[in-house]
Amino acid sequence: MTRPVNAIVAGCAGVVGFLMATGTVTPGTVIVFAVVLLVTAAGNALNDYFDVEIDQINRPERPIPSGAVLQADVPPFAGALFAIGIALSFLLNVSCAAIAIFNAGLLVLYAFRLKRTPGAGNVAISYLTASIFVFGAAYAGMEGFARVLPVALITFFAMLARELWKDAEDVSGDAAAGATTLPVVMGVWPVIRLGFVFLAGALGASLIPLLWWGLPYLAGIAVVDILIAGTVVRVLSCRTADCLKETGATTLVKYAMFASLVVFSLSALFLQGG
């Protein structure tokens, strides 16, 4: 229910944000990792709590629909995770605490209302994912923000495309549950095309660090960009939710985002002085 793999990756992204800002890792980044992991896990659990009717159609194997977890137990569990994560953020600095509090509130609002608001939920979750890098940089101060901005933009655009396509895949269940997502309102094909636009934005943002990391960085990010471009090619012929699911596009975009973490981490470690 907490999506532990995703929560761990999110925690690592916070550390990468600090690494990109400073070129190093300090003991305090353990707290950065813990805060991001806990807040992300809480948001994931709360999302399952509010999505139980939709998940009964789209994801019946998830813990609440399957009966593995009692729905009533989820809010206090998520609340405890939020509280611990926010408390730990005050051990970093005021900026980190402010981001943690704002993001926790936005996660609650997303699960409760924004997910069912066309477009707004997609933008919110994309911001939340991208802001993890900013959170890590905030622990280092604002001097490294410029080097964190490109990966935040890549993450925002790629995540927005992925979120839109995930909604397109789930359009039948969402429509049955009365959720007014963009695919329900606009149709699947327009949303697929909109995803292309945002992936193009991710590709463009990925080239910004060439200004300070140069050609060695290009060799690494080219792998990520090829994966993103290949995803676009696979989806070009799709007009329906079933076709989109068969391409595995949302999974490929997730892999591309994971790969970008590796590229940015290595670049920050070995090309920081470039």
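Values quoted throughout were computed directly from the atomic coordinates according to the rules given, and no laboratory measurement underlies them. What you see is a predicted model; the values in this text were computed from it and never measured. Ideal geometry is used to build each Cβ from the backbone, glycine not excepted, and the neighbour counts take in all protein chains shown.
Placing +1 on the Cβ of every Lys and Arg and -1 on the Cβ of every Asp and Glu, with nothing else charged, gives the chain a dipole about its Cα centre of roughly 340 debye.
In the chain, taking the dipole from charged Cβ atoms about the Cα centre, the farthest positive-side position among C96, L46, L266 is held by L266.
Extension gain for the segment A68 to L236, taken as residue separation times 0.36 nm less the Cα-Cα distance, is 56.6 nm to one decimal. Taking 7 Å steps out from each Cα toward its Cβ at R113 and N6 produces label points 2.3 nm apart. Across region 4-270, the relative contact order, built from alpha-carbon pairs under 8 Å that are at least six residues apart, equals 21 percent. Prolate is the label for region 1-115, because the ratio a/c of its alpha-carbon gyration tensor axes (a ≥ b ≥ c) is 1.5 or higher and a/b is greater than b/c.
Loop sites here are trypsin sites (Lys or Arg not before Pro) outside DSSP states H, G, I, E and B with no more than 13 other Cβ atoms within 10 Å. The longest part of the chain free of them is 114-238.
The Cys residues in the chain with no partner Cys Cβ within less than 4.7 Å of their Cβ are C12, C96.
Tell me the mean residue ellipticity at 222 nm calculated for the chain from its helices only (DSSP H runs of n ≥ 4, each -39500 (n - 2.57), averaged over every residue, nearest 500).
Details: 14 runs with 218 residues, N = 274.
Here the helix-only value at 222 nm equals -26000 deg cm²/dmol.
Averaging the Cα positions of each part gives two centres, and for region 140-213 and region 1-51 these lie 19 Å apart. Estimated at 0.36 nm per residue, the fully extended path between A175 and S95 surpasses their Cα-Cα distance by 24.8 nm.
For region 57-99 and region 111-129, what is the centre-to-centre distance using only Cα atoms, to the nearest Å? Answer, in whole Å: 17.
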